[in-house]
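One structure below.
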Amino acid sequence: MIGTLLKFLVIAIVTIPIALVEIFVSLVDRSGKSFHVVGRFWSWIILTLYGIRVSVEGTEHLDPSKRYIYVSNHASMFDIPAVLTGIPDEIRIVMKKELTRIPFFGWAMAVGPYIVIDRFHAKDAVKGLERAAERIRNGASVFLFAEGTRTLDGKLQPFKRGAFALASKSGVPIIPVAINNTFGILPKGSKVVRPAHITVVLDRPIPTEGVEGKQGEMKLMEEVHRAIAKNYIDQS
């Protein structure tokens, strides 16, 4: 426990200056490219500090000339560093508004190119999805956690419709992403971090052209859920 607390302290010390750099680069480089590079560096530091390795499978499914909507499960706060270091694409994460209240880290996320969603106000949530669609039109891929929040038991949870409403708006292919072996690193409510080997599995792109209305979005959601479940390792 003492070792974990010391590492948390080191992370705080590292995160503060990096967050300030992120805020600065967000102001001078509105493209978001510099923000992404710094974010990957921060993620690498966090994972290295805790002895966490990341392996990625399925990169052959990606076309570097195309943009995607990455849709993933969510089991740990270490999912974000894992996908930032593992996915070979310049992604913009769709994140819940509550995270922006975290000192320094949240402030940097709020001014950066990520898309903030207010889950408790429908109109604001819709505007957030519109901003995500605009990011895609401007040449960036978007990443969403389809369950909306972290799993409490390590099992794959039902999905929310947000990612699939975005797909309907943009027509961009979805990459189903299964993140394995993160739940045991730091389960929700725990303060003890354990080393692990995370695997990020990228499945084949699922076309979204022609997806319309609630029925179309629900059908797409079921297809993506099956694809992630196929590669997901139950962590309960």
Quiz item: Of 43, 55, which residue is in a helix (DSSP H, G or I), of a type in the set (S, T, N, Q) and closer than 26 Å to residue 157 by Cβ?
Solution: 43
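Looking only at the range 161-173, which residues are in contact with a helix residue (DSSP H, G or I) (Cβ under 7 Å, 6 or more places away or on another chain), part of a loop (DSSP other than H, G, I, E, B) and at pLDDT below 90?
Passing the criteria: only 161.
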Quiz item: Under 8 Å by Cβ, and 6 or more places apart or on different chains, what pairs join a residue from the range 160-180 that is among the hydroxyl-bearing types (Ser, Thr, Tyr) with one that is crowded, with 21+ Cβ neighbours inside 10 Å and in a strand (DSSP E or B)?
Solution: 170/69
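For the range 129-141, state whether one or more residues are free of Cβ contacts under 8 Å to residues at least 24 places away in the same chain and either of a type in the set (Gly, Ala, Ser) or surrounded by 23 or more Cβ atoms within 10 Å (Cβ to Cβ) (or both). Step through it out loud before you land on a result.
To start, the set of residues in the range 129-141 that are free of Cβ contacts under 8 Å to residues at least 24 places away in the same chain comprises 131, 134, 138.
Add one more test, that the residue is either of a type in the set (Gly, Ala, Ser) or surrounded by 23 or more Cβ atoms within 10 Å (Cβ to Cβ) (or both), and what stays is none.
No, the range 129-141 contains no residue that is free of Cβ contacts under 8 Å to residues at least 24 places away in the same chain and either of a type in the set (Gly, Ala, Ser) or surrounded by 23 or more Cβ atoms within 10 Å (Cβ to Cβ) (or both).
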Quiz item: If you go through the range 48-64 one residue at a time, how many are farther than 23 Å from residue 7 by Cα, at pLDDT below 95 and either hydrophobic (A, V, I, L, M, F, W, C) or touching a Leu at 6+ places or on another chain (Cβ under 6 Å) (or both)?
Solution: 0
Quiz item: How many of the residues making up the range 125-160 are among the aliphatic types (A, V, I, L, M) and outside any loop (DSSP other than H, G, I, E, B)?
Solution: 8
Quiz item: more than 24 Å from residue 88 (Cα to Cα) and touching a residue at least 40 places away in the same chain (Cβ under 8 Å), is that true of residue 151?
Solution: yes
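Matching residues to (1) touching a strand residue (DSSP E or B) at 6+ places or on another chain (Cβ under 7 Å); (2) at pLDDT 95 or above; (3) more than 18 Å from residue 200 (Cα to Cα); (4) not in a strand (DSSP E or B):
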residue	(1), (2), (3), (4)
30	no, no, yes, yes
77	no, no, no, yes
84	no, yes, no, yes
110	yes, no, yes, yes
Quiz item: Within the range 187-222, restricting attention to residues that are more than 17 Å from the chain's Cα centre (by Cα) and in a strand (DSSP E or B), which residue is nearest to residue 163 (Cα to Cα)?
Solution: 206
Self-check item: Residues of the range 39-67 satisfying the condition of being out of contact with any helix residue (DSSP H, G or I) (no Cβ under 7 Å at 6 or more places or on another chain), under 15 Å from residue 142 (Cα atoms) and surrounded by 14 or more Cβ atoms within 10 Å (Cβ to Cβ)
Solution: 62
Self-check item: Contacts under 8 angstrom Cβ, first residue in the range 1-19 being over 16 Å from residue 40 (Cβ atoms) and part of a helix (DSSP H, G or I), partner at pLDDT 80 or above and of a type outside the set (A, V, I, L, M), 6 or more apart
Solution: 7/50; 16/104
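The values are calculated or read from the model by the stated rules, or taken from the named source; none is laboratory data. Being a predicted model, the structure only gives us computed values, none of them experimental. When we count neighbours, we look across all protein chains shown, and the Cβ atoms used for this are built from the backbone with ideal geometry, even at glycine.
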